Amino acid sequence: VGVAGVPVGGPDLVLIAGPCAVENEEQTLRAAHAVRAAGAHLLRGGAFKPRSSPYSFRGLRKDGLAILARAREATGLGVVTEVLTPEDLPVVGPIADLLQIGSRNMHNASLLEAVGRYGRPVLLKRGYGATVREWLLAAEYVLAQGNPHVVLCERGIRTFETATRNTLDLNAVAWARRHTHLPVVVDPSHGTGRRDLVSPLSLAAIAAGGDGLLLEVHPDPHDALCDGDQSLTCEQLTSLVPGLRRVGEAVGRSWFPVPLYPRWVAEAAAR
Ligand code: PEP
Ligand code: MN
């Protein structure tokens with residue numbers, strides 16, 4: 001699946017990183033430059049946020065999308081952002097290089113069909129109470145509309161365990177890699193809910209056959225409006241990437257080259 005020039009599910013590993021939510025331009029641009037410098041290929045950031053409580057921060061919506069577009073212009077990183085409803089697709093679609101369907105919406109057939117018709121690449125998060133079979137059938141809803149560009153994302157499921165926010169199901173990652181043709185990206189941020197567990201589970205996810213990672217990163221996690229406890233600092237992401245590359249090598253994967261700064265491309269073209 002090609003996303004803004006980055007092949008997801010090819011021979012190379014792909015890193016999608018950025019804040020849970022777009023909070024303001026400064027926060028998003030700082031995160032975007034930092035994750036690019038650390039080796040990320042795509043920028044994540046929610047403008048339309050699904051929250052468990054209606055009183056939590058639910059995103060900057062259209063203003064958030066405009067910030068993401070500016071971050072893409074500044075860094076050259078394609079944008080991964082969530083679409084919550086079919087009605088939002090005309091505003092979110094044009095900004096998203098990869099349209100995220102959240103865990104809570106995995107069973108939303110009308111949204112799945114709408115993104116299927118839209119044709120843009122889709123990141124399909126597994127429902128936190130969904131079996132692997134249900135997850136793949138949700139992918140079929142998108143594929144059946146003639147959109148083949150689906151990336152699966154394991155983001156943890158709800159189990160009896162309470163020590164962590166969710167239980168990252170690496171069985172499902174290894175299973176999906178063997179039994180489907182779709183790329184599989186792993187999200188240890190939501191999978192664990194704890195910053196200190198994100199690095200070890202990221203390494204494990206690559207070892208288990210993940211095609212890439214979706215990681216929450218915030219320049220100042222303690223002030224984050226959403227999911228700060230599970231967000232890596234920019235420095236933590238920078239120290240994690242060399243290990244990811246080494247585990248990747250051990251399982252026969254290399255690291256896709258980081259996109260060039262648009263500024264450099266423009267300067268080179270002018271010369
Ligand atoms: C997110 O990626 O920030 C998010 C809301 O994820 P999920 O849908 O997996 O909870
Ligand atoms: Mn989040």
Work through the residues other than VAL1 whose Cβ is under 14 Å from its Cβ and net out their charges, Lys, Arg +1 and Asp, Glu -1. -2
According to the square roots a ≥ b ≥ c of the eigenvalues of the Cα gyration tensor, what is the shape class of the chain, taking rounded for a/c under 1.5, prolate for a/b larger than b/c otherwise, and oblate for the remainder? rounded
Sulfur and carbon atoms: percent of accessible area, segment 50-152 [1.4 Å]: 50 percent
Out of all DSSP beta bridges in the chain, what portion is antiparallel? Express it as a percent rounded to 5. 10 percent
So which trypsin sites (Lys or Arg not before Pro) in segment 129-209 end up in coil per DSSP with only 14 or fewer other C-beta atoms within 10 Å? ARG158
Selection from LEU168, LEU197, THR180, by position along the positive dipole direction of segment 137-245 (Cβ): THR180
Selection of chymotrypsin sites (Phe, Trp or Tyr not before Pro), segment 14-121, meeting DSSP coil and at most 12 other Cβ within 10 Å: TYR55
Where GluC sites (Glu not before Pro) fall in DSSP loop in segment 137-199, at most 11 other Cβ within 10 Å: GLU161
Quick calc, the chain, dipole around Cα centre from Cβ unit charges on Lys, Arg (+) and Asp, Glu (-), nearest 20 debye, gives 320 debye
Cysteines having no other Cys beta carbon under 4.7 Å from their own, within the chain: CYS153, CYS234
Heavy-atom accessible area per residue of segment 182-268, all protein chains kept, 1.4 Å probe, expressed in Å², is 41 Å²
What does the C-alpha gyration tensor say about the overall shape of segment 1-138? Classify as rounded when a/c is under 1.5, otherwise prolate if a/b is larger than b/c, or oblate. oblate
Let me make sure I get this right: for segment 192-271, a, b and c are the square roots of the gyration tensor eigenvalues over alpha carbons, sorted descending. Under 1.5 in a/c it's rounded, otherwise prolate if a/b > b/c, else oblate. Which is it? oblate
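The values are calculated or read from the model by the stated rules, or taken from the named source; none is laboratory data. All figures in this text were calculated on a predicted structure; none of them were measured in a lab. Don't worry about glycine lacking a Cβ; one is built from the backbone with ideal geometry, like all the others, and counts go over all protein chains shown. Note: areas computed on protein heavy atoms with side chains; ligands, DNA, RNA excluded. Shrake-Rupley method; radii C 1.70, N 1.55, O 1.52, S 1.80 Å.
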